[in-house]
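One structure below.
Laboratory data are not the source of any read-out in this text; all were calculated from the coordinates shown. Bear in mind that the values here come from a model prediction, so they are computed numbers and not experimental data. Cβ sites come from the backbone with ideal geometry, for glycine too, and all protein chains shown count toward neighbours.
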Amino acid sequence: MSAPEHPVDEPLPPAGLLPRRPATEEEATALASAVRLRILRLTFHEALTNKEIAGRLGRDPATTLHHVRKLVDTGFLQALPVRRGTRGSREKPYRATGLSWSLDGPEGEDEPAIAQAMFEAFLGEVAVAGFRHLDQSRLALRLPPEELAEFRQRLFELLTDFASRPVRADQPMHGVYVAMHPMSPNSASPARKRDAVRVTMDEV
């Protein structure tokens, strides 16, 4: 599956405006990679060539090209028209389509793989940004199921609201990572169950 052609100077629609749907098995497999998730972040609104992507990730261009092709084939990246490089060479830039934000995660074998990839991508981005640029919050909650569902829904709506706003390419980009997990080893016991929430923002 390939992304549609899109003019270089025309902004893509904000991620939050794309219709939501379940991820296909192929899409879930593509997202189960920290490297590919970081490529999507790097090309969020800046078109980069494979060589530029490799340079920012500190990886061999042949390795990143494999990941780039996988993302293009599954619709997460789009290949823009070939342009002239600084030395007159022809180069192909790529830009993220915003598809990943509009997909609901799978349930099954791919779910923990994607969760691990997201966490590893976050750690990789923080390593680049530096801890002095990290704005973190930690919170422990004890809520009945209906209030916990409300919390998750309101948090999702907040993220969707800002993701739906027009991209301001002249402003610095920030990465946001939100995670929630049960605190109790015996999560089957409602009396002992407690959820922890971490909201993290870093400069990209």
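Want the number for residue 115 to residue 179: 0.36 nm per residue separation, take away the alpha-carbon distance, what's left? Each step should come with its number before you reach the end.
Details: separation 64, 0.36 × 64 = 23.04 nm, distance 0.97 nm.
Extra length available between residue 115 and residue 179 comes to 22.1 nm.
Fewest Cβ neighbours within 10 Å first, please rank 70, 51 accordingly. Display every interim value, and only then the final one.
Values: 70 18, 51 14.
Starting with the residue having the fewest Cβ neighbours, the order is 51, 70.
Over all pairs of distinct alpha carbons, what does the Kirkwood formula give as the hydrodynamic radius of the stretch 13-97, in Å?
Computed over Cα pairs of the stretch 13-97, the Kirkwood hydrodynamic radius comes out at 13.4 Å.
Can you give me the distance in nm between label points at residue 51 and residue 154, each placed 7 Å from the Cα along the Cα-to-Cβ direction?
Distance between label points: 5.1 nm.
For the stretch 93-101, just list the computed ³J(HN,Hα) in residue order, Karplus coefficients 6.51, -1.76 and 1.60, θ = phi - 60°, integers in Hz, with x standing in for Gly and Pro.
x, 10, 9, 5, 8, x, 4, 4, 5
Seen from all sides and averaged, what is the projected area of the convex hull of the Cα atoms in the stretch 33-164, in nm²? Let's see the in-between values first.
Numbers: hull surface 42.5 nm².
Result: 10.6 nm².
Mind checking the full-extension length gain between residue 73 and residue 168? Use 0.36 nm per residue of separation minus the Cα-Cα distance, one decimal, nm. Don't jump to the answer; show the numbers that get you there.
Values: separation 95, 0.36 × 95 = 34.20 nm, distance 2.75 nm.
Using 0.36 nm per residue and subtracting the Cα-Cα distance, I get 31.4 nm.
Mind checking Rg over Rh on the stretch 113-177, alpha carbons, Kirkwood formula for Rh? Can you show the working numbers first?
Details: Rg = 15.0 Å, Rh = 14.7 Å.
Result: Rg/Rh = 1.02.
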